[in-house]
1. What is the spin-label model distance, in nm, from Asp193 to Ile11 if the labels are put 7 Å beyond Cα along the C-beta direction?
2. Under 8 Å for C-alpha pairs, at least 6 residues apart: give me the relative contact order for the chain, rounded to a whole percent.
3. How large is the charge dipole for the chain, taken about the Cα centre, if only the Cβ atoms of Lys, Arg (+1) and Asp, Glu (-1) carry charge, to the nearest 20 debye?
4. Taking a 20 Å limit on the Cα-Cα distance, which of the listed pairs Lys9/Lys145; Lys18/Lys104; Lys18/Lys93; Lys18/Lys96; Lys9/Lys93; Lys18/Lys106 fall beyond it?
5. Where in the chain is the longest stretch that carries no trypsin sites (Lys or Arg not before Pro) classed as loop by DSSP and with at most 10 other Cβ atoms within 10 Å?
6. Using Cα springs under 10 Å in a Gaussian network model of the chain, which residue among Leu51, Leu142, Leu88 shows the largest mean-square fluctuation?
7. Where does the chain land on the Kirkwood hydrodynamic radius, alpha-carbon pairs, in angstrom?
8. Which one of Ser34, Ile185, Thr46 is farthest out on the positive end of the charge dipole of the chain, using unit charges on Cβ (Lys, Arg +1; Asp, Glu -1) and the Cα centre as origin?
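Just so you know, all these numbers are worked out from the coordinates, no wet-lab data involved. Please read all numbers here as calculations on a predicted model, not as lab measurements. All Cβ positions, glycine included, derive from the backbone under ideal geometry; neighbour counts span all protein chains shown.
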Amino acid sequence: MNPIYTQAKFINSSPDLKDTPADQGREVAFAGRSNAGKSSAINTLTRQNGLARTSKTPGRTQLLNFFEINAQQRFVDLPGYGYAKVPLAVKQKWHKLMETYLAKRKSLCAIILVMDIRHPLTEFDWQMVEWCQYTGLPLHILLTKADKLTYGAGKNTLLAIEKELSNVAIPVTIQLFSSLKKIGIDEAHKALDSLFDAADQQSLVPD
């Protein structure tokens, strides 16, 4: 476990790019459907139960939420999409916000895609995979709620997803994760370390 992630603190929420923190350093963005356990995963990885707002009502994350790990590293909680019972116009606004952020944010260096292990690779998930391919962003997948399956069934699901994504033209890593049972925290921290380190190394490569 890397204790640096437990130092995370909330910076701000923004409905657009104008009010976001300065576009410098490195950001890893957490994406996923509204009921996939995205905010719970952030809280578990930082060991702070109240850091990212969670709710029994999917779709409560409606803004770009920024969390500072240190002066050069941040997490971003993206709006959940695809499940929330809100008007279509609101969903379209969230989608536009995510598109703008993903396209224009220079400090974005990787995506953590959060999937409910019982409902993996939804249409939204494939959209995120395709976006990462288009932008060249590395991708790490958390198969959340792994405690809902036996270990064998969870491992089989992981292997099946790895096979489906084997031809994706970007770095993709996948793991089992459970906020409830605290499964996969060390593995996720190592993945985050690698994503931040790779971005730092990339910045040292001359154009």
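1. 2.4
2. Once normalised by length, the contact order is 23 percent.
3. Numbers: 25 positive and 20 negative charges, 181 e Å.
Value, rounded to 20: 860 debye.
4. Lys9/Lys145; Lys9/Lys93
5. On the way: sites that count: Lys56, Lys85, Lys106.
The segment 107-207 is the longest one with no such site.
6. With Cα springs under 10 Å in the chain, the top fluctuation among Leu51, Leu142, Leu88 is at Leu88.
7. Kirkwood radius, the chain: 17.1 Å.
8. In the chain, that residue is Ser34.
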